[in-house]
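The values are calculated or read from the model by the stated rules, or taken from the named source; none is laboratory data. The model shown is predicted, which means the values in this text are computed figures rather than measured ones. Cβ placement follows ideal geometry from the backbone for every residue including glycine, while neighbour counts extend to all protein chains displayed. Surface areas here come from the heavy atoms of the whole protein model, side chains and all, with no ligands, DNA or RNA. Shrake-Rupley method; radii C 1.70, N 1.55, O 1.52, S 1.80 Å.
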Amino acid sequence: MTHVLVTGGAGFIGSHTVDLLLSQGHRVTVLDDLSTGLMANLKQCEGNPNFHFVKADVAEDIAETLDQVAAIVGPIDRIIHYAAQTAVPLSMDDPASDVRANVIGSVKLLEYARRNKVAKVAFASSSAVYDDDAPVPVNEKSSVRPSSPYGIDKLVVEFYLDYYARLFGLKYTALRFMNVYGPRQDSKSWYSGVISIFLDRAASNTPITIFDDGEQTRDFVYVTDVAAAVTKACLDDAAHGEIINIGTGEEVSINTLAKLAIDLAGSTSVISYAPARPGDIRRSVTTMDKARALLAFAPKVSFADGLAHTLNWVRTQL
Ligand code: NAD
Ligand code: UD1
């Protein structure tokens, strides 16, 4: 049994990862400040003796908190690091707060990891690090030039991971997620993921707003597929020192997505257009070769099935 610390484990992707780790018989400690995460996302874990939760801000002095966790639950073997401010527009409004949560928090965690001989860290990076002018599909060698403070912060943490690996031998894998969607992604806030927003509006027959001309594209990957890739990267030493894109290789435009959401929900929602969001990338889709080769990753959930599962969940939230 491995003891895995999952930072941001009360969030959307984190909570699905916790479910998977527990189902595999591992011991899990979630560290989350509940800024966007919810205890409701973890209510299925209540009463599981292998599950522990600590409410803490990863950018505070977490060493003491984690020492207490280790004294009670046992040493932390491996870490999955999700805790972050995740909205691109918010990072542009308040870049300093983004640095605090996304960079300072990550460095504090890496310091803890190297001092306590943690075997490996899996880090949730993002396709937001890529240069918008890089030819698509991007691969891990494509040029990086983030269009947002959020993307800059993710890239900086990748450099810290490389530094800790070279100087202290800390093992890591950084996974650059494309656009993740699925149940438990907040559908109410305006800066949440576009699929949860569109399905919420479609299911409630309220207007859908498309920013820009809607011809921008994204590679949408279902949350349980992402959780499986991250879990494997964390538990397996094989992909140490690697940066790996996690997506599907399928490019979907925001116009197409809006129509699919309306059709799937049998909705009367009206689509309107608004100016482009600053910092928005234009096209985003990845090759799958490296994830396939190093993690044996192939998405299991098709886009049609993933949208249907997500719509079912969104309806339970209305
Ligand atoms: P989320 O907001 O649901 O999860 C983030 C979690 O981190 C939340 O539970 C939140 O409460 C917690 N958190 C935030 N700041 C914290 C802090 N300072 N200390 C402790 N906990 C803190 O978002 P998500 O979509 O599940 O994202 C998880 C990770 O994946 C993030 O690192 C995000 O940048 C990355 N990512 C997400 C996507 C996507 O499409 N959703 C794509 C690329 C990368
Ligand atoms: C998302 C993630 C980010 C991640 C990145 C990886 C969220 C909140 N953000 O950012 O953490 O690193 O993917 O690529 O999950 N749009 C509309 N109407 C809306 C909402 C959005 O047209 O009501 C458009 C946006 O302008 C954008 C696209 O949909 O062009 C996707 O937006 P969003 O879901 O917020 O994702 P990203 O900004 O790509």
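Of note:
- Residue within segment 54-64 that is at negative phi, surrounded by fewer than 13 Cβ atoms within 10 Å (Cβ to Cβ), outside the structural domain of G279 (by TED's automatic domain parsing) and free of Cβ contacts under 8 Å to residues at least 40 places away in the same chain present: yes
- Exactly one residue out of R201, R166, R176 is among the basic types (K, R), part of a helix (DSSP H, G or I) and within 10 Å of ligand 2 (Cβ to nearest atom), and it is R201.
- For first residues located in segment 267-293 and without any contact (Cβ under 8 Å) to a residue 60 or more places away in the chain and open to solvent by 70 Å² or more (accessible area, probe 1.4 Å), partners that are of a type in the set (A, V, I, L, M) and not in a strand (DSSP E or B) and lie 6+ apart or on another chain with Cβ distances below 7 Å form the pairs R292/A298.
- Any chance V156 is open to solvent by 10 Å² or more (accessible area, probe 1.4 Å) and either within 14 Å of ligand 1 (Cβ to nearest atom) or of a type in the set (G, A, S) (or both): yes
- Test: N48 is within 8 Å of ligand 1 (Cβ to nearest atom) and farther than 17 Å from R100 by Cα: no
- Looking only at segment 119-131, and only at residues there that are open to solvent by 10 Å² or more (accessible area, probe 1.4 Å) and more than 9 Å from ligand 2 (Cβ to nearest atom), the one that is nearest to A228 (Cα to Cα): A119
- Positions within segment 176-233 being open to solvent by less than 50 Å² (accessible area, probe 1.4 Å), of a type outside the set (S, T, Y) and modelled with pLDDT under 95, in sequence order: G193
- Checked against the criteria, L31 does not count as at pLDDT 95 or above, near ligand 1 (Cβ under 10 Å from one of its atoms), open to solvent by 50 Å² or more (accessible area, probe 1.4 Å) and hydrophobic (A, V, I, L, M, F, W, C).
- Flag for A261 being out of contact with any His (no Cβ under 8 Å at 6 or more places or on another chain), touching a residue at least 12 places away in the same chain (Cβ under 8 Å) and open to solvent by less than 10 Å² (accessible area, probe 1.4 Å): yes
- Here the condition is being within 17 Å of I80 (Cβ to Cβ) and touching a His at 6+ places or on another chain (Cβ under 8 Å); of A227, A238, it holds for A227 alone.
- Of residues in segment 73-93 being near ligand 1 (Cβ under 9 Å from one of its atoms) and part of a loop (DSSP other than H, G, I, E, B), the one farthest from K117 (Cα to Cα): A87
- Q185 satisfies every condition listed in (1) within 13 Å of ligand 1 (Cβ to nearest atom); (2) in a loop (DSSP other than H, G, I, E, B); (3) without any contact (Cβ under 8 Å) to a residue 60 or more places away in the chain except (3).
- Check on D61, out of contact with any Phe, Trp or Tyr (no Cβ under 9 Å at 6 or more places or on another chain), more than 16 Å from ligand 2 (Cβ to nearest atom) and either under 21 Å from S125 (Cα atoms) or at pLDDT below 95 (or both): yes
- Residue check, T231 closer than 27 Å to V121 by Cβ, of a type in the set (S, T, N, Q) and part of a helix (DSSP H, G or I): yes
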